[in-house]
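Working notes for the structure below.
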Amino acid sequence: MKPSLSALETAMDNLTVPPESGEMRRIVYHQFGEADQLQLEPAAVPQPGSGQVCVRVAGAGLNPIDWKTRKGLGFAAQQIGSRLPWTPGYDMAGEVVSVAEDVSTLAPGDRVMGMIGFPADGGAYAEYALAGADELAIVPEELDLVAAAAVPLAALTAWQALFEVAKLEPEQKVLIHAGAGGVGHFAIQFALVRGAHVIVTASAANKDFLDGLGVHEVIDYTSTDFVDECYGLDVVLDLLGGEVGKRSLHTLSEHGVLVTIPTVTADDIISAAEAMSLRAHGMTVRPEVFHLEEIAELIEDGDVRVHIDQVFPLAEAAAAHRLLEQGHVRGKLVLDCRAP
């Protein structure tokens, strides 16, 4: 993958230090609600505490948990309700500008990405953000920083679901629902690298995109019932939940496993699986820098690519949330936190 920033732009970015005024812009919401609750406000540039670094944020990735939390839904919202106003965002990439005295693994100028502040601190929708040094991986030179912001949460979700929970092995058959989305397009590529046979459900509009990723079969869910097409599967990665997750149980082999990501319907799907003497698991992604480094290596080697559907300036976070909430994003949306 060719970096999209010119050498000159990269060199200029490497010279950037926190502004003398000590001020930055960030997105906050003061109460739960619709996308118009997202406001651009000034704040002081944060100073790193023990174990932390301050990063000049190039890009902040958007994930479904962002809009669900903004609406007051899910486990993250329960943890931040008493901490509003709050700056959202868990996915971030940028350049280290300062480090705490006890940090020796990173230095100013390092290009980094990470899943930060999960789940209660957030903070990625900002021009500068604090992160634990142990949350950050070095960004491959082949990947521009705005694109790198799309990687951490979605890629870690796909990685942990496939390899930690489902224990996907070479030559196994895996069905991935919503394969054109953020988690889905990473999961496809990880499964292919592992040597699995990959089947994906998606709309016809996404078939060419998915064929380009190398999937073996694409099932158009608008015209074909995936239950009629799939049987004896080793793994199902359910990124939709609800009835789709329950019906997916009928595609599993006797020893197969379903991993469902949406937490709100996970218990129902797991109960349905138990009633059928099948295995199903829910999961919540966690920051894991060692996994992120493995993913970065795959990107560096050209085995995995990051697809960005659209980039929004930081000030247009509300518009980005509205698009994200519609649920038809191909790949990822990212905020450009350096845009005026």
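When the residues of the range 1-22 are narrowed to those that are under 14 Å from residue 97 (Cα atoms) and surrounded by 13 or more Cβ atoms within 10 Å (Cβ to Cβ), which ends up modelled with the highest pLDDT?
By that ranking, first place goes to 18.
Anything in the range 198-238 that is without any contact (Cβ under 8 Å) to a residue 60 or more places away in the chain, acidic (Asp, Glu) and touching a Ser or Thr at 6+ places or on another chain (Cβ under 7 Å)? List them, or say none.
Answer for the range 198-238, where residues must be without any contact (Cβ under 8 Å) to a residue 60 or more places away in the chain, acidic (Asp, Glu) and touching a Ser or Thr at 6+ places or on another chain (Cβ under 7 Å): just 220.
Of the residues 272, 280, which is touching a Lys or Arg at 6+ places or on another chain (Cβ under 6 Å) and under 29 Å from residue 252 (Cα atoms)?
272
Could you please give the count of residues in the range 75-120 that are surrounded by 15 or more Cβ atoms within 10 Å (Cβ to Cβ) and among the hydroxyl-bearing types (Ser, Thr, Tyr)?
3
So which residues in the range 28-37 are surrounded by 16 or more Cβ atoms within 10 Å (Cβ to Cβ) and farther than 12 Å from residue 85 by Cα, if there are any at all?
The one that is surrounded by 16 or more Cβ atoms within 10 Å (Cβ to Cβ) and farther than 12 Å from residue 85 by Cα: 35.
Restricting to the range 245-269, and then to whatever is closer than 30 Å to residue 120 by Cα and out of contact with any Ser or Thr (no Cβ under 8 Å at 6 or more places or on another chain), can you tell me which residue is modelled with the lowest pLDDT?
My answer is 264.
Report the residue count in the range 103-119 for those that are in a loop (DSSP other than H, G, I, E, B) and either without any contact (Cβ under 8 Å) to a residue 40 or more places away in the chain or in contact with a strand residue (DSSP E or B) (Cβ under 9 Å, 6 or more places away or on another chain) (or both).
10
In the range 126-140, is there at least one residue being of a type outside the set (Val, Ile, Thr), part of a loop (DSSP other than H, G, I, E, B), farther than 26 Å from residue 22 by Cα and not assigned by TED's automatic domain parsing to the domain that holds residue 326?
Within the range 126-140, none of the residues are of a type outside the set (Val, Ile, Thr), part of a loop (DSSP other than H, G, I, E, B), farther than 26 Å from residue 22 by Cα and not assigned by TED's automatic domain parsing to the domain that holds residue 326.
Considering only strands (runs of 3 or more DSSP E) fully contained in the range 28-100, which possess at least 3 residues that are among the β-branched types (Val, Ile, Thr)?
52-61, 91-99
Looking at the range 222-241, can you tell me whether even one residue there is under 27 Å from residue 325 (Cα atoms), among the polar types (S, T, N, Q) and surrounded by 14 or more Cβ atoms within 10 Å (Cβ to Cβ)?
No - not one qualifying residue is present in the range 222-241.
Every residue, every condition in (1) buried (at least 24 other Cβ atoms within 10 Å of the Cβ); (2) free of Cβ contacts under 8 Å to residues at least 60 places away in the same chain; (3) closer than 18 Å to residue 258 by Cβ; (4) of a type outside the set (A, V, I, L, M, F, W, C), yes or no:
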{"residue": "149", "(1), (2), (3), (4)": "yes, no, no, no"}
{"residue": "155", "(1), (2), (3), (4)": "yes, no, no, no"}
{"residue": "160", "(1), (2), (3), (4)": "no, no, yes, yes"}
{"residue": "163", "(1), (2), (3), (4)": "no, yes, yes, no"}
{"residue": "171", "(1), (2), (3), (4)": "no, yes, no, yes"}
{"residue": "177", "(1), (2), (3), (4)": "yes, no, yes, yes"}
{"residue": "180", "(1), (2), (3), (4)": "yes, no, no, no"}
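Condition check ((1) in contact with a His (Cβ under 6 Å, 6 or more places away or on another chain); (2) modelled with pLDDT under 95; (3) buried (at least 22 other Cβ atoms within 10 Å of the Cβ)) across all residues:
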{"residue": "39", "(1), (2), (3)": "no, no, no"}
{"residue": "42", "(1), (2), (3)": "no, no, no"}
{"residue": "45", "(1), (2), (3)": "no, no, no"}
{"residue": "49", "(1), (2), (3)": "no, no, no"}
{"residue": "56", "(1), (2), (3)": "no, no, yes"}
{"residue": "60", "(1), (2), (3)": "no, no, yes"}
{"residue": "66", "(1), (2), (3)": "no, no, yes"}
{"residue": "73", "(1), (2), (3)": "no, yes, no"}
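When the residues of the range 75-111 are filtered to those that are hydroxyl-bearing (Ser, Thr, Tyr) and over 22 Å from residue 334 (Cβ atoms), which remaining residue is modelled with the lowest pLDDT?
Ranking the qualifying residues of the range 75-111, first place goes to 82.
Would you point out which residue out of 261, 270 is more than 17 Å from residue 174 (Cβ to Cβ) and hydrophobic (A, V, I, L, M, F, W, C)?
That would be 270, the only listed residue that is more than 17 Å from residue 174 (Cβ to Cβ) and hydrophobic (A, V, I, L, M, F, W, C).
The values are calculated or read from the model by the stated rules, or taken from the named source; none is laboratory data. Since the structure is predicted, the reported quantities are computational estimates derived from the model, not experimental observations. Using ideal geometry, Cβ is built from the backbone for each residue, glycine included, and neighbour counts are taken over all protein chains shown.
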